[in-house]
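The values are calculated or read from the model by the stated rules, or taken from the named source; none is laboratory data. Note that the structure is a prediction, hence the values are computed from the model and not measured. Glycine gets a Cβ as well: all are built from the backbone with ideal geometry, and neighbour counts include every protein chain shown.
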Amino acid sequence: MILGRVVGTVVATQKHDKYEGSKLLLVQPLNLSGDDDGDELVAVDSVGAGAGETVLVVQEGRSTSMVMGTDLAPANAAIVGIVDQVDLHD
């Protein structure tokens, strides 16, 4: 599971049937300090996330399929939570 920030949307007029009704978002991975950490990725939104929000993303095939409600979803990333706060302790 990774932290990320929603930085955009992906619009596809034609897509696989398993994506029907799903929103695709562009997510910038973050490190624990909130700084950018790697390249952006496309994730299926399962929680209604919006631009600028910090989110939790799973990048495992089985977890992503479960979020989409199917065993055969062709996706490798899904947003599973919206983060309100991150507290780091020494």
Condition check for LEU26: in a strand (DSSP E or B) and farther than 16 Å from ASP84 by Cβ: yes
Region 51-83 - residue that is modelled with pLDDT of 95 or more and part of a loop (DSSP other than H, G, I, E, B) and, of those, surrounded by the fewest Cβ atoms within 10 Å (Cβ to Cβ): GLY52
Within region 11-34, tally of residues that are exposed (fewer than 13 other Cβ atoms within 10 Å of the Cβ) and either in contact with a Lys or Arg (Cβ under 9 Å, 6 or more places away or on another chain) or at pLDDT 95 or above (or both): 1
Unmet requirement for VAL7, which otherwise passes all of (1) surrounded by 15 or more Cβ atoms within 10 Å (Cβ to Cβ); (2) in a strand (DSSP E or B); (3) not small (Gly, Ala, Ser): (1)
